[in-house]
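The values are calculated or read from the model by the stated rules, or taken from the named source; none is laboratory data. It should be emphasised that the depicted structure is a prediction, and the values quoted were computed from it without experimental measurement. Glycine gets a Cβ as well: all are built from the backbone with ideal geometry, and neighbour counts include every protein chain shown.
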Amino acid sequence: MQLSTEQVAAYRTKGWVVVPDSLGEAEVAVVTEAALEVLERPGPEVGREADGSPHVCWGMHLFDERLATLTRHPGLVKPSRQLLANDIYVHQSRINMKQTNGSIVAWHQDFGTYHRVDGVPDPRGIMIAVFCDDVTAVNAPLLAVPGSQREGLVSTAAIDPTAPDHAEVARYRYDITDDTMAELVDRYGLETITATAGSVLFMDMTVVHGSSVNISPLRRLLLYVNVCPIDNCGLSFERPEYYAARDFAPLEPLDAGCLDRFQAGTIPR
Ligand SMILES: O=C(O)CCC(=O)C(=O)O
């Protein structure tokens, strides 16, 4: 579960690498079922579409043993430790389900909020995404600016106080301005990130990314586990724990079959 020299080089150059087949079909079924259950939670950790249907849950690993196990899956932990050359902790996890005609995710860097709001000092960390569905050009893949990690923190990112979800979510979100985005895309280009279910994406958390509306009938469920090295902990504690870690204990990888003790369809709620 170590990355090859070529995979590491791709991560360093482009800012991300996708590792296919990191999770088997049964493992994907287990974490998918867990995610769908967790999205039914009534609390403020769940973000909703305008019609009330849930599409995001922050801190997923705090609420479910199967998702906590996922954060310690060797297919996630070992490559992350390799790329960051250190032990790691989970700064934030989240479920992101893009349903038909659901919301967009505006251009941003995850590190933008982690630094400005959560007090994570350095741009060192990885946004891991576990693909629970096949993602192609048709079901609103992640879009990202390759090489944008070289910019560090993009300075012209702004908060939009008129955003409909400003009170709960958007006041923490530093969206990249249109002018900055145009400059970045001119300099670096823009790519889609497509992959089959069971793939795992490792993306530098300073890469500028976003996604558009999913007008297809195909669900697009991704599970995010954002990790930082243990010498780069958030210091502000302004946001609740489901947004930003309190537990900085190093993640110890479990064995490769760690999700096998769960079975989709038989997990008690
Ligand atoms: O899944 C997506 O489309 C993007 C999610 C994302 O970047 C975020 O939640 O910060």
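Below are the figures for this structure:
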read-out	value
Exclusive hit being within 28 Å of VAL213 (Cα to Cα) and at pLDDT 95 or above, set GLN82, GLN99, GLN109	GLN109
Index of the failed condition, GLY52 passing every other in (1) under 30 Å from LEU184 (Cβ atoms); (2) modelled with pLDDT under 95; (3) not polar (S, T, N, Q)	(1)
Inter-residue pairs, beta-carbon under 6 Å, first in contact (Cβ under 8 Å) with a residue 40 or more places away in the chain and in region 210-239, second away from the ligand (no atom under 16 Å from the Cβ) and of a type in the set (D, E, K, R), 6+ apart	PRO229/ARG124; ILE230/ASP87; ASN232/ASP122; ASN232/ARG124
Residue among ALA144, ALA182 that is under 18 Å from the mean Cα position of the chain (by Cα), modelled with pLDDT of 95 or more and either among the aliphatic types (A, V, I, L, M) or within 14 Å of the ligand (Cβ to nearest atom) (or both)	ALA144
Residues being more than 16 Å from THR156 (Cβ to Cβ) and surrounded by fewer than 21 Cβ atoms within 10 Å (Cβ to Cβ) - total across region 200-223	7
Matching residues in region 75-89 - criterion: being touching a Ser or Thr at 6+ places or on another chain (Cβ under 9 Å) and either over 17 Å from ASP122 (Cβ atoms) or not β-branched (Val, Ile, Thr) (or both)	GLY75, LEU76, VAL77, PRO79
Unique match (being closer than 20 Å to VAL208 by Cα and either touching a Leu at 6+ places or on another chain (Cβ under 8 Å) or surrounded by fewer than 18 Cβ atoms within 10 Å (Cβ to Cβ) (or both)) among GLY119, GLY52	GLY119
Test: residue in region 251-262 that is of a type in the set (D, E, K, R) and not in a loop (DSSP other than H, G, I, E, B)	no
Residue, nearest to HIS91 (Cα to Cα), within region 205-258, restricted to residues that are away from the ligand (no atom under 14 Å from the Cβ) and in contact with a Ser or Thr (Cβ under 6 Å, 6 or more places away or on another chain)	VAL227
Elements of type helices (runs of 4 or more DSSP H) contained in region 54-125, each with 1 or more residues being more than 16 Å from the ligand (Cβ to nearest atom)	60-63, 65-71, 74-84
Test for ARG171: is it farther than 30 Å from VAL30 by Cβ, touching a residue at least 12 places away in the same chain (Cβ under 8 Å) and touching a Cys at 6+ places or on another chain (Cβ under 8 Å)	no
Where a residue in region 1-18 is touching a residue at least 40 places away in the same chain (Cβ under 8 Å) and its partner, wherever it lies, is in a helix (DSSP H, G or I) and among the β-branched types (Val, Ile, Thr), with Cβ under 8 Å and at least six apart	VAL17/VAL8
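This table checks each residue for (1) within 30 Å of THR180 (Cα to Cα); (2) under 14 Å from the mean Cα position of the chain (by Cα); (3) in contact (Cβ under 8 Å) with a residue 60 or more places away in the chain.
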residue: ALA26; (1), (2), (3): no, no, yes
residue: ALA29; (1), (2), (3): no, no, yes
residue: TRP58; (1), (2), (3): yes, yes, yes
residue: ASP64; (1), (2), (3): no, no, no
residue: GLN92; (1), (2), (3): yes, yes, yes
residue: THR100; (1), (2), (3): yes, no, yes
residue: SER103; (1), (2), (3): yes, no, yes
residue: ASP110; (1), (2), (3): yes, yes, yes
residue: GLY119; (1), (2), (3): yes, no, yes
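Quick grid of which residues meet (1) of a type in the set (A, V, I, L, M); (2) out of contact with any helix residue (DSSP H, G or I) (no Cβ under 6 Å at 6 or more places or on another chain); (3) crowded, with 18+ Cβ neighbours inside 10 Å:
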residue: GLY102; (1), (2), (3): no, yes, yes
residue: TRP107; (1), (2), (3): no, no, yes
residue: MET127; (1), (2), (3): yes, no, yes
residue: ARG150; (1), (2), (3): no, yes, no
residue: ALA163; (1), (2), (3): yes, no, no
residue: ALA170; (1), (2), (3): yes, yes, no
residue: ASP186; (1), (2), (3): no, yes, no
